[in-house]
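Working notes for the structure below.
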Amino acid sequence: MKGIPHYWRVERGDFGPIIYRYRLGEGDHYELLGTIGPDDAVTVDEPWTMRLDPSAWPR
């Protein structure tokens, strides 16, 4: 496997940050793990366990 195992793309949405989470899958293609909206406080397990609360980020 080559490439970056996990990456996130953060964009400024109309109502706050939007996070797109990707993981390197088979065949060196990235898979979308999920999207986190500006008011979605979540706990993610990949690449390690952490709590994200985009509502607390600057808008």
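Cβ-Cβ distance below 8 Å, separation of 6 or more or different chains: which pairs start in the range 1-18 with a residue that is more than 21 Å from P58 (Cα to Cα) and end on one that is in a loop (DSSP other than H, G, I, E, B)? What qualifies is P5/P47; H6/E46; H6/P47. Filtered by the rule that a residue be within 10 Å of the chain's Cα centre (by Cα) and open to solvent by 50 Å² or more (accessible area, probe 1.4 Å), the range 21-41 gives R23, L32, L33, T35.
All told, G16 falls short of being at pLDDT 90 or above, in contact with a strand residue (DSSP E or B) (Cβ under 7 Å, 6 or more places away or on another chain) and open to solvent by less than 40 Å² (accessible area, probe 1.4 Å).
The values are calculated or read from the model by the stated rules, or taken from the named source; none is laboratory data. As the structure is a prediction and not an experimental result, all values here were calculated from the model. Quick reminder, even Gly has a Cβ in these numbers, built from the backbone with ideal geometry, and neighbours come from all protein chains shown. For accessibility, only protein heavy atoms count, side chains too; no ligands or nucleic acids. Shrake-Rupley method; radii C 1.70, N 1.55, O 1.52, S 1.80 Å.
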